[in-house]
């Protein structure tokens, strides 16, 4: 007699149908979950017409059956909501998400940079600090109670060559955990669901540290790629740009430690990890080339906001932020 399967299909709503949202959707739908993307425009039309087309491992894109809807009302209550859209869009979108949120629906955040909830947990330095660069009027905070939040970070290089098509080229790790730290039953449950879905997920007892460790790379690679227009390998192979990378990382490490985080890495180790990934086009460079707004505030503006709050000088971060804002503003991609 064979043992009955313990698989339980979940209703998973993914807000944001770009590269990361599409990657997560394809993996979870392929594992048998009931996945719905909140999408718009050409992406919505493409997925509704052709399904989500997903390529990984150098193979040709395959059709994945995923629902796509234009409104949270059409999606209805979900077992899990995943936020995978750009941070600057959240304050506008978050107030509309209520129809997706059942009584116990957790909200997993997979945004780059610092999320709005980062300091809205007790017992942390800067407790209660509102990140004005991320949630200027508190719209996201009011719409998504911090008790629902599972913090997350994903290490995957993906891009969208056209609407409704996602290409996954590298990386396969996702960490999630409670904003206040420690391992909870729900974090362990959902890490298991996502791991079984092929997302390399693990439950983390220190998700705030994991987010900061990812920030170490993004805080350099994203704005510097915006300014230089080249991939991470070329930046790190250039002695002058590599030195700037290192200086920015040192400031980010010092700031994280000032905020009470245990960051067991060095700039050389972190840069080596990035260099091993090869010719990565950062999300910010992809957005520049695609004419989409860039995540400068969450990735660079919010850490500078934190540094000012604790009285720590971060001159390299401030200089690059000023240049990147001017570059993105000139392209009409930053207010």
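The values are calculated or read from the model by the stated rules, or taken from the named source; none is laboratory data. Everything numeric in this text was worked out from a predicted model, so none of it was measured. All Cβ positions, glycine included, derive from the backbone under ideal geometry; neighbour counts span all protein chains shown.
For the stretch 275-292, how many residues are surrounded by fewer than 15 Cβ atoms within 10 Å (Cβ to Cβ) and outside any loop (DSSP other than H, G, I, E, B)?
3
From (1) within 27 Å of residue 191 (Cα to Cα); (2) modelled with pLDDT of 95 or more, pick out the condition that doesn't hold for residue 260.
(2)
Go through (1) farther than 20 Å from residue 269 by Cβ; (2) surrounded by 16 or more Cβ atoms within 10 Å (Cβ to Cβ) for residue 228 and report which single condition fails.
Result: residue 228 passes all but (2).
Just the residues that are farther than 21 Å from residue 154 by Cβ and in contact with a helix residue (DSSP H, G or I) (Cβ under 6 Å, 6 or more places away or on another chain), please, taken from the stretch 289-317.
Those that are farther than 21 Å from residue 154 by Cβ and in contact with a helix residue (DSSP H, G or I) (Cβ under 6 Å, 6 or more places away or on another chain): 304, 307, 310, 312, 314, 316, 317.
Please go through the stretch 194-208 and pick out each residue that is in a helix (DSSP H, G or I) and surrounded by fewer than 21 Cβ atoms within 10 Å (Cβ to Cβ).
Selection gives 195, 196.
Would you mention how many residues in the stretch 293-308 are farther than 13 Å from residue 115 by Cβ and surrounded by 15 or more Cβ atoms within 10 Å (Cβ to Cβ)?
The number of residues fulfilling the criteria is 8.
I'd like the full set of residues that are in contact (Cβ under 8 Å) with a residue 40 or more places away in the chain and not in a helix (DSSP H, G or I), limited to the stretch 244-274.
Matches in the stretch 244-274: 259, 260, 261, 262, 263, 265.
Just checking, which of 219, 211 is in contact (Cβ under 8 Å) with a residue 60 or more places away in the chain, in contact with a strand residue (DSSP E or B) (Cβ under 6 Å, 6 or more places away or on another chain), farther than 29 Å from residue 46 by Cβ and not in a loop (DSSP other than H, G, I, E, B)?
Numbers: 219 fails: in contact with a strand residue (DSSP E or B) (Cβ under 6 Å, 6 or more places away or on another chain).
Within the list 219, 211, the selection yields 211.
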